[in-house]
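Structure, as structure tokens:
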Amino acid sequence: MESFSFPILTLMIFIPIIGMLILAFLKQSQLQAIRTVSAVFSGIPLVLAVVLLANYDPGGGFQYIEKVSWIPSLNIHYFLGADGISMPMLVLTALLSFISIIASFGIVHRAKEYFIFFLLLQVGMMGVFAALDFFLFYIFWEIMLVPMYFLIGIWGGPRKIYAAIKFFLYTLFGSIFMLVGILVLYFFAVDPSTGANIYTLDLTILAQMAQNGDGLFLREGLQLMVWMFFFIAFAIKVPVWPFHTWLPDAHVEAPTAVSVILAGVLLKMGTYGLLRISFPILPYGTDYFSNFMAVLGVIGIIYGALVSMAQKDLKKLVAYSSVSHMGYCLLGMSVFSHFGKEFIVGISGCMFQMISHGLITGALFLLVGVIYDRAHTREIAAFGGLWTKVPVYGSLMTFFCMASLGLPGLSGFISEFLIFVGGFARYKILTGIAVLGVVLTAGYFLRMIQKVFLGQFNIKWSDLTEINFREIFTVTPLAILTLLIGIYPRALSYMMDDTLIDLSNRIIDGVNIVKGIIG
Amino acid sequence: MQESVKTILENFSLNIDLVTLMPEIIICGMALLTMILEPFLKGDSRKVVMHLTWLSIVAALISIYSIWTSQPNLQSLQFADAYRIDSYSLLFKAVFLIGSLLTVFISSNFLKFKNVPDGEFYSLILFATFGMMNMASAGDLIVLFIGLEIMSLCLYVLAGILRRSVYANEASLKYFLMGAFASGFLMFGIAFIYGATGTTSIVDVIQSSEILSNTYLIIGAAMVMIGLGFKVGAVPFHMWIPDVYTGSITNVTAFMSAGPKAAAFAAFFQVFIVALRPLQSEIEVVLWILSALTMTLGNILAITQNDVKRMLAYSSISHAGYVLIALVAFTPAATTAGLYYLLCYTVMNIGAFTVLIMVEARENSDTNFSSFAGMGRRYPFLGILLTIFMISLAGFPPTAGFMGKFLVFKSAIDTGSTSLIVLVVLAVVNSLVSVYYYLRVVVVMFMVEPELEYRPINFATGIIAALVISMGGTLLLGIYPQIFAFFLNTALI
């Protein structure tokens, strides 16, 4: 296992804090300095993430490990590391954070505080994806809520305070269940050799115990209960269908860059949590509830798409499309390993979808923000024939809409294809219904393009200006990556495959052990 | 008869160790000294009293520290087993002293602002602290009662120290009448326990063979529980808290919500976990209900408040409910967790009150939510501090409030009993609810525009010292609890 003596993950997570401190000493009026400092301190983690990516060894398990005893009396460690699941997420987070900071340069009202909160948000997000101790994971998970709450509550739209509180309480409602689940895990962690309680929250040890079938992992009912606790926490974040009602409010009220982060990173934390925690640690529960997940996923796909079709507001349309697209993730992960240990099509489709949805929806929110800044409205019916006026903007928008509806050659297609292949192997009818979602997605995106960009030009917008250089700069990397993954998916899959095969083996071993013992 | 008196006298040994009594001696001595000294001082020299007070508290803290380091695993019974000094009671005393120290720091300027003659204030604080220390070290129910009365009498006066305010008078009278009633219950309960067991000692666990009448013992335990439940503010004995906390001058409210509450819990732990252990199964059920009611009702009532001070009063009820979980768990680890929680609560709650006092100590200001509108913009740094106190009170990582809750919940789940897991789930749901009203302060501070320009806040030295200590405590207790490992490794029993 390669291990850097240099604490590069810690550096990557906490460097924005230095930026926050510098910002605290700047004056509100020094706008240029505020922007530069935040861009630099958000950019360094991106550079580090790329360095990590370049040195990443796909077959090496957890890498860049840092493990320091933190609260010895509780056996809690400061434990970081990255594997094939977290590595792409770290890069995505660093990239989207940096882009969002650039995209926020237009913020003038209380800019200093805005960027301070944004950098803190970045710390929390990176921490979640790098933490390998459940306690640390939980702390980062919660820390992230605070800046998010402020960002929506201060810089949001007309109903910002309502949206901020709703977002906060919903997520917190989930995380308190997670906390109870954590406590239960803590007390049932058993040393395999002696059978004694070891009280640990080390995710790698817990996963190992699940694979070997020690301790808690033998007790059927308890495992199902804890699984459900975690699922509530993660499902709210994803958001899975009945828990999604916070999402449209938060997205519509949040400022553009915050929507990008919400859609691009925060939603992925839910699915990441399932893959990192529920799957390896509670394999029996995962197996038991996999049909349940698949059904919820398909409901999400269809429901999200149908609601999107009915939207009059551009941003709400993109927001509901997220509900639909995250449903694909759930469907993909629910077929994890039904056909033997090496069958990872479903899960890897889920990973592809996490990344590609992050890129595409992030870009869509940025583009919606671009038009909103100029027109001060997002109502689809208010536009018309804009292509003649803003051709570059129109092409970019169309490009990302096509990517989102799964046009072959772009990343959305790869992920949906993998999910359908995986899904069809296990759930023929459900997957059949889910495929309908693609048609619906095409329906609402094409309808939107038609109403906004085609048709009769609405002369009200005759002085609309074209997308500027900074805005193009923010979406370009996303477009390049979308295209790259679409054409050469191996660019992503080489990182994940080994980890996912390992995960799939773990689940099957864990399930077999519990099933063998139970009956 | 004469023979037995003689044997009692022969066995009677005071066994006093002045070194381990040093903290009490310092505090009590300084309380007397400041009371005598104060009438002879005039004008600016009266500040001496305040300085002597905080210095003596620091001295007492240092003496606790030196006792702690020189005699680890201290177990000393003094005054014929009526006074017990061990590491657990020492830590409780440290918690009280920290609460009192912070109170002194925030009081000086505020008393001047409110035109309160500050002479008797400091000696009352010291006497109350002395009473609390007696409660934590009580080896006998009578000593416990005396400590409780010393503390309570001081608090009755302190609650009404704002003599010309109607609300303060109401608070003082209400507190006194209801408090006297509760003391009556406590005394009556002690009498019943004596009747049932023939002893008032709480040093040893009562052996079931010693119990003469189980019924009397249960009646006695119930009455003691009512008396102490009143001091803790457990529902349904909480009625006094909102009015007394709101009516009293704010620095006294801060004081009352920290030390005296912790002291009542110290008594609770000793009486119910050590002395009345044989009754565990009966007591557990009652405490479970008490805890569930306390945290839920306190929380629900806090939501509707429009005054930050009153909101904090109700929230302090719900915090008592969380500590009661540790009592229900009935294990050594739970007593540790309860103590840790009380320490966390002391620093974060007084921290929040400190900011409240700063806001109140402006011209034409009060403690309503509207007084906070725009504060976060005018004083961003102070706003962030109050935000951290609030999220800590709400039990949010990585702050003290979270670590305290984590330890209490952990100790409860560790018992493996289903009813406790249910209680923890209830507590966790309650802390979710509490986020709503704690964050309301933050919303008003940062997201609501003030009607007029925000009136300036006065930063006094004492206030800044209190802010530094409470913020340092809130963050350290949450982020790096290991430096408080001695806390985590000390348990009752």
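The values are calculated or read from the model by the stated rules, or taken from the named source; none is laboratory data. In this text the structure is predicted, and so the values were computed from the model without any measurement. Every residue, glycine as well, gets a Cβ built from its backbone with ideal geometry; the counts of neighbours run over all protein chains shown.
All conditions but one from (1) away from chain B (no Cβ under 14 Å); (2) surrounded by 23 or more Cβ atoms within 10 Å (Cβ to Cβ); (3) assigned to a helix (DSSP H, G or I); (4) in contact with a Ser or Thr (Cβ under 7 Å, 6 or more places away or on another chain) apply to A:PHE115; the one that does not is (1).
Residue-level check: of (1) touching a helix residue (DSSP H, G or I) at 6+ places or on another chain (Cβ under 6 Å); (2) farther than 26 Å from B:CYS154 by Cα; (3) surrounded by fewer than 24 Cβ atoms within 10 Å (Cβ to Cβ), B:GLN280 misses just (1). Identify all residues within region A:35-71 that are in contact with a strand residue (DSSP E or B) (Cβ under 7 Å, 6 or more places away or on another chain) and within 14 Å of chain B (Cβ to nearest Cβ); write none if there are none. Answer for region A:35-71, where residues must be in contact with a strand residue (DSSP E or B) (Cβ under 7 Å, 6 or more places away or on another chain) and within 14 Å of chain B (Cβ to nearest Cβ): A:VAL68, A:SER69, A:TRP70. The residues in region A:279-301 that are surrounded by fewer than 24 Cβ atoms within 10 Å (Cβ to Cβ), among the aliphatic types (A, V, I, L, M) and over 20 Å from the mean Cα position of the chain (by Cα) can be counted, and the count is 1. Please enumerate the residues belonging to region A:105-162 that are of a type in the set (D, E, K, R), farther than 19 Å from A:TRP70 by Cβ and touching a residue at least 60 places away in the same chain (Cβ under 8 Å). Hits for region A:105-162 are A:ARG110, A:LYS112, A:ARG159, A:LYS160. Within region A:8-19, track down each residue that is in contact (Cβ under 8 Å) with a residue 60 or more places away in the chain and surrounded by fewer than 20 Cβ atoms within 10 Å (Cβ to Cβ). A:THR10, A:PHE14, A:ILE17, listed by residue number. B:VAL203 meets each of the listed conditions (1) within 21 Å of the chain's Cα centre (by Cα); (2) in a loop (DSSP other than H, G, I, E, B) apart from (1). The residue of region B:15-47 that is farthest from B:LEU91 (Cα to Cα), among those that are among the acidic types (Asp, Glu) and part of a helix (DSSP H, G or I), is B:ASP44.
Within region B:439-459, the set of residues being within 12 Å of another protein chain (Cβ to nearest Cβ) and either out of contact with any Lys or Arg (no Cβ under 9 Å at 6 or more places or on another chain) or among the basic types (Lys, Arg) (or both) comprises B:LEU439, B:ARG440, B:VAL442, B:VAL443, B:VAL444, B:VAL448.
One line per residue, one yes/no per condition, for (1) closer than 20 Å to B:LEU32 by Cβ; (2) at pLDDT below 90; (3) assigned to a helix (DSSP H, G or I):
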{"residue": "B:VAL49", "(1), (2), (3)": "yes, yes, yes"}
{"residue": "B:TRP54", "(1), (2), (3)": "yes, no, yes"}
{"residue": "B:TRP68", "(1), (2), (3)": "no, yes, yes"}
{"residue": "B:ASN73", "(1), (2), (3)": "no, yes, no"}
{"residue": "B:ALA80", "(1), (2), (3)": "no, yes, no"}
{"residue": "B:SER108", "(1), (2), (3)": "no, yes, yes"}
{"residue": "B:ILE146", "(1), (2), (3)": "yes, no, yes"}
{"residue": "B:LEU155", "(1), (2), (3)": "yes, no, yes"}
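Candidates B:PHE185, B:PHE192: the one that is within 21 Å of B:ALA262 (Cα to Cα) and either touching a Lys or Arg at 6+ places or on another chain (Cβ under 7 Å) or assigned to a helix (DSSP H, G or I) (or both) is B:PHE185. In region B:481-493, the residues that are facing chain A (nearest Cβ under 9 Å) and surrounded by 20 or more Cβ atoms within 10 Å (Cβ to Cβ) reach residues that are modelled with pLDDT of 75 or more and not in a helix (DSSP H, G or I) with C-beta atoms within less than 8 angstrom, at least six apart or across chains, in these pairs: B:PRO481/A:ILE71. Selection of region B:402-416 for residues being more than 27 Å from B:ILE350 (Cβ to Cβ) and at the interface with chain A (Cβ under 8 Å from one of its Cβ atoms) yields B:ILE413, B:ASP414, B:GLY416. Just wondering, is there one or more residues in region A:80-100 that are in contact (Cβ under 8 Å) with a residue 24 or more places away in the chain, within 14 Å of another protein chain (Cβ to nearest Cβ) and either of a type in the set (Lys, Arg) or surrounded by fewer than 24 Cβ atoms within 10 Å (Cβ to Cβ) (or both)? No, region A:80-100 contains no residue that is in contact (Cβ under 8 Å) with a residue 24 or more places away in the chain, within 14 Å of another protein chain (Cβ to nearest Cβ) and either of a type in the set (Lys, Arg) or surrounded by fewer than 24 Cβ atoms within 10 Å (Cβ to Cβ) (or both). The residue pairs whose first member lies in region B:369-386 and is of a type in the set (S, T, N, Q), whose second member is modelled with pLDDT of 85 or more, and whose beta carbons are closer than 6 Å, counting only pairs six or more residues apart or on different chains, are B:SER371/B:VAL359. Within region A:213-240, being at pLDDT below 85 and either crowded, with 24+ Cβ neighbours inside 10 Å or touching a helix residue (DSSP H, G or I) at 6+ places or on another chain (Cβ under 7 Å) (or both) holds for A:GLY213, A:GLY215, A:LEU216, A:PHE217, A:LEU218, A:GLU220, A:LEU222, A:GLN223.
On the given criteria, is B:SER411 assigned to a helix (DSSP H, G or I) and surrounded by 22 or more Cβ atoms within 10 Å (Cβ to Cβ)? In short, yes.
Of all residues assigned to region A:261-268, none qualifies as being out of contact with any Ser or Thr (no Cβ under 8 Å at 6 or more places or on another chain), over 23 Å from A:ARG159 (Cβ atoms) and free of Cβ contacts under 8 Å to residues at least 60 places away in the same chain. In region B:283-299, is there at least one residue being at pLDDT 90 or above, assigned to a helix (DSSP H, G or I), polar (S, T, N, Q) and under 27 Å from B:ALA491 (Cβ atoms)? Yes, there is a match, as at least one residue in region B:283-299 is at pLDDT 90 or above, assigned to a helix (DSSP H, G or I), polar (S, T, N, Q) and under 27 Å from B:ALA491 (Cβ atoms). Each residue in region B:377-401 was checked for being touching a helix residue (DSSP H, G or I) at 6+ places or on another chain (Cβ under 6 Å), assigned to a helix (DSSP H, G or I) and within 9 Å of chain A (Cβ to nearest Cβ), and 1 pass. Could you tell me whether region B:417-438 includes any residue that is within 14 Å of chain A (Cβ to nearest Cβ), free of Cβ contacts under 8 Å to residues at least 40 places away in the same chain and not in a helix (DSSP H, G or I)? Yes; the residues of region B:417-438 include at least one that is within 14 Å of chain A (Cβ to nearest Cβ), free of Cβ contacts under 8 Å to residues at least 40 places away in the same chain and not in a helix (DSSP H, G or I).
Does region A:440-458 contain any residue that is under 30 Å from A:TYR56 (Cα atoms) and surrounded by fewer than 14 Cβ atoms within 10 Å (Cβ to Cβ)? Taking every residue of region A:440-458 in turn, none turns out to be under 30 Å from A:TYR56 (Cα atoms) and surrounded by fewer than 14 Cβ atoms within 10 Å (Cβ to Cβ). The residues listed here are B:GLY462, B:GLY472; of these, the one that is more than 11 Å from chain A (Cβ to nearest Cβ), in a helix (DSSP H, G or I), among the small types (Gly, Ala, Ser) and without any contact (Cβ under 8 Å) to a residue 24 or more places away in the chain is B:GLY472. When every residue of region A:147-157 is checked against the conditions, at least one turns out to be under 15 Å from the mean Cα position of the chain (by Cα), assigned to a helix (DSSP H, G or I) and closer than 30 Å to A:LEU275 by Cα.
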